[in-house]
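Novice: Take a look at the following structure, please.
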Amino acid sequence: MTIQHAHDEAHRALHPGPVRFAVPLATARIAVGAYWLYEQHWKLPPDFGLHDARGLMFAFQQSIQYPVFAAYAELLQKVIVPHFHLFAWLLGIAEVAIGLSLVLGVFTRLGALLGVLQAVNLLIAQARTPEGPWIYIAILVANLFVLLTPSNRRFSVDMLLAPQLSAASAGASRLKRALRRAAS
């Protein structure tokens, strides 16, 4: 990357275009992130809803009882359920990270990509349950929307990081280039 190219990138990051769609895009991004954070209420530590009638263990049991893929149900039954607390922590940390990334607009693309992957996981896990696939399809579409639109160009931490990451990426390491892409 040339110095001129880095300068042009920094300029585009500082002046991302019309504000007309900035508020609706940022609002959508923040709403998707708030959804991920809100959904923690029924699976909070220390027990993660283990004994709740509709807690996290119930969701795992529903996925086993109504499998989309037999191999997934077997993974849940033989690996995840026996190590419930470990996977509950990992799931909680991942979903909180997705939510915070989108609400704050910090590495938004990475947060949205993780949201897409988690939404696919939820769709596979819950599509055949009595609850049905529709909410999970909506979550997937919402995260794809955030991933594929410039929802982080204004009203986000990414907007503040972009000029520094663009300027630093000329001749930068792979890590710096990956961070720049996650924030772009």
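Novice: Ignoring ligands, DNA and RNA, what percent of the 1.4 Å accessible area of segment 94-164 is carbon and sulfur?
Specialist: Using a 1.4 Å probe with all protein chains present, segment 94-164 comes out at 79 percent carbon and sulfur.
Novice: Continuing with the same structure: Given a Förster radius of 25 Å and the C-beta distance between V96 and R20 as r, what FRET efficiency does 1/(1 + (r/R0)^6) yield to the nearest 0.05?
Specialist: Approximately 0.20, to the nearest 0.05.
Novice: Counting only other residues whose beta carbon sits under 11 Å from that of V146, what net charge do I get with K and R as +1, D and E as -1?
Specialist: Net local charge, V146 excluded: +2.
Novice: What does the accessible area of L104 come to, in Å² to the nearest 10, when a probe of 1.4 Å is used?
Specialist: Accessible area of L104: about 90 Å².
Novice: Of all trypsin sites (Lys or Arg not before Pro) in segment 20-63, which ones are in loop regions per DSSP and have a Cβ with at most 15 other Cβ atoms within 10 Å?
Specialist: R20, R54
Novice: List the residues of segment 90-105 whose backbone N lies under 18 Å from a point placed 7 Å from the Cα of Q164 along the Cα-to-Cβ direction.
Specialist: 101, 104-105
Novice: L175 to I137: extension gain in nm, 0.36 nm per residue of separation minus the Cα-Cα distance?
Specialist: Gain on stretching L175 to I137: 10.4 nm.
Novice: Let's test the formula: R0 of 22 Å, r as the Cβ-Cβ distance of H83 and V120. What FRET efficiency results, to the nearest 0.05?
Specialist: Rounded to the nearest 0.05, the efficiency is 0.50.
Novice: Modelling each spin label as a point 7 Å along the Cα-to-Cβ direction, I'd like the D52/Q40 distance in nm, to one decimal.
Specialist: 1.3
The values are calculated or read from the model by the stated rules, or taken from the named source; none is laboratory data. Since this is a predicted model, take the numbers as computed values, not measurements. Positions of Cβ are generated from backbone atoms using ideal geometry, with glycine treated the same way; all protein chains shown enter the neighbour counts. For the accessible areas, the whole protein counts, side chains as well, though only heavy atoms, and no ligand, DNA or RNA atoms are used. Shrake-Rupley method; radii C 1.70, N 1.55, O 1.52, S 1.80 Å.
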